[in-house]
Amino acid sequence: ILPLMDALRQNQLDDKGRLSIAQKLLEAGDAKKAQKIYQETIENKKITEENKYSWLNYAQALAANKKSNEAITKMQKLQEYQE
């Protein structure tokens, strides 16, 4: 994760790279940093087939940070997309 974090700090990652590191941080138990990256990367984007799992991870990061209402809202948006 460290080389990716350096690249992130230097703004050298595209959205795919940013989402990848956010996922790794979430898996490593750092939901706070993961949430921030998800928020910066996909908050204002529509849910698509390519990013739907990132939206799910974003909701999980929010829930882990005790932001249940926001997590539920993200899950509802994801459910609407799936329908």
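The values are calculated or read from the model by the stated rules, or taken from the named source; none is laboratory data. Only a predicted model underlies this, so the values are computations on that prediction, with no experimental measurement involved. Using ideal geometry, Cβ is built from the backbone for each residue, glycine included, and neighbour counts are taken over all protein chains shown. Quick note on the areas: whole protein, heavy atoms, side chains included, nothing else; ligands and nucleic acids left out. Shrake-Rupley method; radii C 1.70, N 1.55, O 1.52, S 1.80 Å.
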Breaking point among (1) at pLDDT below 95; (2) open to solvent by 30 Å² or more (accessible area, probe 1.4 Å), for Ala7: (2)
Only residues in segment 6-27 that are in contact (Cβ under 8 Å) with a residue 40 or more places away in the chain count as the first member; pair them with residues that are surrounded by 14 or more Cβ atoms within 10 Å (Cβ to Cβ) and of a type outside the set (Lys, Arg), Cβ under 9 angstrom, at least 6 apart or cross-chain, and list the lot. none
Condition first: open to solvent by less than 80 Å² (accessible area, probe 1.4 Å) and assigned to a loop (DSSP other than H, G, I, E, B). Now tell me which residues in segment 10-65 satisfy that. Leu13, Ala28, Gly29, Asp30, Glu43, Ile47, Thr48, Asn51, Asn65
Contact list, first residue from segment 62-83 and more than 20 Å from Glu40 (Cα to Cα), second anywhere and outside any helix (DSSP H, G or I) and of a type in the set (A, V, I, L, M, F, W, C), beta-carbon distance below 8 Å, six or more apart or interchain, is Tyr81/Ile47
